[in-house]
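Participant: What follows is a single structure, and I will ask about it in a moment.
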Amino acid sequence: MNTISTVVGIDISKKKLDVALLVNGKIKAKVVENSAAGHQCLLDWLDKSKIQRAGLHVCMEATGVYYEAVATALHDAGLMVSVVNPGCIKGFGQSENLRNKTDKADAALIARYCA
């Protein structure tokens with residue numbers, strides 16, 4: 001059984017992925033294209049963070065069809081991937097009394113939800 005120590009939240013849109021890597025309560029952010037090249041760039045960035053892929057849990061919202069390619073690419077690369085109902089993320093954000101609504105803030109919210 002793998003021990004999950006680090007989570008990644010991804011806010012997905014048609015053209016880009018806002019990524020939040022949550023490590024020890026701190027967020028590292030990155031934006032990549034929502035394309036095969038962008039997915040590889042994301043994997044390279046995660047590898048540079050020196051965190052074992054087996055210890056990562058990636059979480060994203062089910063956003064139309066735009067999440068499917070990145071979810072598949074990350075799963076095929078050996079990462080644990082969860083696709084969550086957007087209503088759950090919204091409710092979690094309300095429980096934190098969040099008022100910021102930016103892609104970067106949403107990615108961090110998804111990472112905290114995943115944790």
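Participant: Please tell me if V8 is of a type outside the set (F, W, Y), touching a residue at least 12 places away in the same chain (Cβ under 8 Å), open to solvent by 10 Å² or more (accessible area, probe 1.4 Å) and not in a loop (DSSP other than H, G, I, E, B).
Facilitator: no
Participant: Answer yes or no: is there a residue in the stretch 39-60 that is more than 17 Å from A111 (Cα to Cα) and open to solvent by less than 50 Å² (accessible area, probe 1.4 Å).
Facilitator: Looking through the stretch 39-60, at least one residue is more than 17 Å from A111 (Cα to Cα) and open to solvent by less than 50 Å² (accessible area, probe 1.4 Å).
Participant: Same structure again: If you take just the helices (runs of 4 or more DSSP H) that sit entirely in the stretch 41-115, which of them hold at least 3 residues that are under 19 Å from K15 (Cβ atoms) and out of contact with any Gly (no Cβ under 6 Å at 6 or more places or on another chain)?
Facilitator: Per the criteria, 68-76, 103-114.
Participant: Exactly one condition in (1) within 14 Å of the chain's Cα centre (by Cα); (2) at pLDDT 90 or above; (3) farther than 15 Å from V7 by Cβ is false for T63; which is it?
Facilitator: (2) is the only condition that T63 fails.
The values are calculated or read from the model by the stated rules, or taken from the named source; none is laboratory data. Not measured: the values here are computed from a predicted model. With ideal geometry, Cβ positions are generated from the backbone for all residues, glycine too; neighbour counts draw on all protein chains shown. Note: accessible area is taken over every heavy atom of the protein model, side chains too, but ligands, DNA and RNA are not part of it. Shrake-Rupley method; radii C 1.70, N 1.55, O 1.52, S 1.80 Å.
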